[in-house]
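Accompanying notes for the structure given below.
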Amino acid sequence: MNNINDNYFDGYYKEIWRALIPPELTAKEVDFMLGYFNLSQGDRVLDIMCGYGRHAIELAKKGIDVTAVDNLEAYISEINKTAKNNSLPLEAIQADILLYKLNKQFDLALCMGNSLNFFKEEEIHRMLVNVHDHLDKGGHLLINTWSLAEIAIRNFIPRAWDEVNGIKHICQSAYLFHPTRVEFESTFLSADGGVEKKKAIDYIFSVAEMEHLLNKAGFLQKKIYSIPGKKEFSLGDPRAYIIAQKN
């Protein structure tokens, strides 16, 4: 399945994204997963839209059996190389995120880094149904997003720029409707004169709409945090962690 956001994570932004996420955040998120979901050595975790594997690798270091799925070959190759070099219980698979089928069931599924919101409503439904099919009864799903309407409306910025590792990033954004979404046009300028132009879309759903999508796919929404395990989500918080359980 082709998605406009696929190409956004090639080139310069691939390394910008890595630099933007502090290791301390990943460590706190993994600690929350281990404690909240009572994970122990040998438990199975499915990490979809895994990116460069920041959660998958850290969970595998704790002895968790992780299967990571992404459609970008560069990420998958990097994760498998790390897993092999460190003898980790981690397998990364390149596959269409809506169509993959695995011959195993999982205790927990992850969809982190706002990646669920790269997709339209009907695509998210297909994705959630597929995750549901791969979870054991009573298994959990953890979604991390900053594209809830309750976040996006309060934090929308039409034009912004920053510089990361010597690469300047200029971003123009439009908040649009039918379907509700934010469309991005980014220009990346490197110190050696390189220029990349990319487009991306984040689809926006309210808390109620997200709960409806989860219910429709066979999940019960249990909790929403802005700081995992510490602060429940409230209007305008910059990110959300949605916990759902398979019915």
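The values are calculated or read from the model by the stated rules, or taken from the named source; none is laboratory data. Here the structure is a predicted model, which is why all the values come from computation and not from measurement. Don't worry about glycine lacking a Cβ; one is built from the backbone with ideal geometry, like all the others, and counts go over all protein chains shown.
Of note:
- Pair list, Cβ under 9 Å, 6 or more apart: the stretch 228-247 residue modelled with pLDDT under 95, other residue assigned to a loop (DSSP other than H, G, I, E, B): N247/G218
- Within the stretch 181-200, the only residue that satisfies the criterion of being hydroxyl-bearing (S, T, Y) and either on the phi > 0 side of the Ramachandran plot or buried (at least 18 other Cβ atoms within 10 Å of the Cβ) (or both) is S186.
- Considering residues of the stretch 28-46 that are in contact with a Lys or Arg (Cβ under 8 Å, 6 or more places away or on another chain) and buried (at least 18 other Cβ atoms within 10 Å of the Cβ) only, the residue nearest to C111 (Cα to Cα): V30
- If you check L25, L20, L98 for being exposed (fewer than 15 other Cβ atoms within 10 Å of the Cβ) and at pLDDT below 95, only one passes: L20.
- For N165: the one exception among (1) under 30 Å from K222 (Cα atoms); (2) of a type outside the set (V, I, T); (3) not assigned by TED's automatic domain parsing to the domain that holds F233: (1)
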